Amino acid sequence: MSKEAVIQVDSLVKKYGDLAAVNGVSFTVNRGEVFSFVGPNGAGKTTTVEILVCLRDLTSGNAKVLGFDVSDRKGQQQIRKRVGVLPQDFNTFDLLTVKENLSYYKKMYDGGMDIDELIRLVDLEDKAKTLYKNLSGGLKKRLAIAIALVNDPEVIFLDEPTTGLDPKARRDVWDLIEGLQEQEKTIFLTTHYMDEAEVLSDRVVIISYGKIIADGTPSELILQHGGKTTLIVEEGGTEAHDILRKKFPDSKLENGDVLVPLNGKSDLPEAVMTLNGNKTKFAELIVRRPSLEDVFLNLTGKKIVDGELS
């Protein structure tokens, strides 16, 4: 069965003067996917989302959402009715409760989801009568997602939904996103967190300086660009390095640790036996598998730290 494309982007360009914030990007998003648009701050993620939800005009190229052209006025009306959006810097009415906020936004649409059902969906039943200003950051984000769902959208755009949250609140949002996918919602997620994209996504597009540099499932990208599984010999020092590089010439010494690239299944036991056979001292052995962070590093030569290139 062929997949149904609900978002189609072809050679999309957005310029501000001579600056191309989005520079010829093309991709599709299929119905029911969690699709992650990944990259550092300023890469063009939010600009692309704003074009797709009809908040910003494109400079050139083509984009369709649910079959409607983002440049056509009638198409824009249909897109706005049928998508939900969580903007990056969301805020709402401080002096309204959770339920009152949801009721306010629902009045903008004909129909939509039941308010009590929405509150249950985002696990805010015990906070339904709490003022927005008194919610924690994580609970505010849950309410924001509920507001994005109030019209029962077919496609949900979540722009950096976990930025600024503590680890537990981030995990709670992840669980909520996974729950939305179980309801067969299509989710367009932008994030600079590689671990978030790796855990949640069916497909990942990596964007840097306005251009797409990789497109595929997390496992495909890691296999193609992530590099090798590595044995880390913590605090092995020069002694462990000298011993291991006789059999593993690609071994590296970094800050007192020895990094041994593993090419096959037999390499790990052989490295361990080599260390034990020579009674080599070390603190700990760690096997590190490649991740999307390695993919980005290998493709760009840089890491993303707090949303910025480093």
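Remarks
- Subset of the range 164-192 that is surrounded by fewer than 16 Cβ atoms within 10 Å (Cβ to Cβ) and of a type in the set (Gly, Ala, Ser) - its residue that is farthest from Asp123 (Cα to Cα): Gly164
- When Ala5, Ala63 are checked against the criterion of being in contact with a Ser or Thr (Cβ under 7 Å, 6 or more places away or on another chain) and at pLDDT 95 or above, Ala5 stands alone in meeting it.
- Some residue of the range 193-201 being of a type outside the set (Val, Ile, Thr), surrounded by fewer than 16 Cβ atoms within 10 Å (Cβ to Cβ) and farther than 30 Å from Asn255 by Cβ: no
- Residue in the range 134-141 that is within 11 Å of Leu176 (Cβ to Cβ) and touching a Pro at 6+ places or on another chain (Cβ under 7 Å) present: yes
- For the range 194-256, the helices (runs of 4 or more DSSP H) that sit wholly inside it and include 3 or more residues that are free of Cβ contacts under 8 Å to residues at least 24 places away in the same chain are 218-225, 237-244.
- Some residue of the range 140-152 being farther than 17 Å from Val53 by Cβ and surrounded by fewer than 22 Cβ atoms within 10 Å (Cβ to Cβ): yes
- Restricting Leu292, Leu223, Leu268, Leu299 to residues that are more than 24 Å from Val34 (Cβ to Cβ) and either among the aliphatic types (A, V, I, L, M) or surrounded by fewer than 17 Cβ atoms within 10 Å (Cβ to Cβ) (or both) narrows the list to Leu268.
- Residue check, Arg171 within 20 Å of Leu292 (Cα to Cα), out of contact with any strand residue (DSSP E or B) (no Cβ under 9 Å at 6 or more places or on another chain) and in a helix (DSSP H, G or I): yes
- Identity of the residue in the range 56-73, surrounded by 15 or more Cβ atoms within 10 Å (Cβ to Cβ) and within 24 Å of the chain's Cα centre (by Cα), that ends up farthest from Thr28 (Cα to Cα): Arg56
- The set of residues from the range 170-189 being of a type outside the set (A, V, I, L, M) and either out of contact with any Gly (no Cβ under 8 Å at 6 or more places or on another chain) or over 23 Å from Ile51 (Cβ atoms) (or both) comprises Arg170, Arg171, Asp172, Trp174, Asp175, Glu178, Gly179, Gln181, Glu182, Gln183, Glu184, Phe188.
- Filtered residues of the range 145-193 (kept if out of contact with any Lys or Arg (no Cβ under 8 Å at 6 or more places or on another chain), small (Gly, Ala, Ser), at pLDDT below 95 and within 19 Å of Leu118 (Cα to Cα)): Gly179
- Remark: pairs (first residue in the range 48-75, over 13 Å from Val22 (Cα atoms); second residue of a type in the set (Asp, Glu) and at pLDDT 95 or above; Cβ separation under 6 Å; 6+ apart in sequence or on different chains) = Gly75/Asp69.
- For Ala283, the stated conditions hold: it is surrounded by fewer than 17 Cβ atoms within 10 Å (Cβ to Cβ) and in contact (Cβ under 8 Å) with a residue 12 or more places away in the chain.
- Residue among Lys211, Lys247 that is among the basic types (Lys, Arg), within 30 Å of Leu19 (Cβ to Cβ) and either out of contact with any Pro (no Cβ under 8 Å at 6 or more places or on another chain) or outside the structural domain of Ile145 (by TED's automatic domain parsing) (or both): Lys211
- Index of the failed condition, Leu259 passing every other in (1) in contact with a helix residue (DSSP H, G or I) (Cβ under 7 Å, 6 or more places away or on another chain); (2) not in a helix (DSSP H, G or I): (1)
- Residues that are surrounded by fewer than 20 Cβ atoms within 10 Å (Cβ to Cβ), part of a helix (DSSP H, G or I), modelled with pLDDT of 95 or more and aliphatic (A, V, I, L, M), drawn from the range 101-138: Ile115
The values are calculated or read from the model by the stated rules, or taken from the named source; none is laboratory data. What you see is a predicted model; the values in this text were computed from it and never measured. Glycine also receives a Cβ, built like all others from the backbone with ideal geometry; neighbour counts cover every protein chain displayed.
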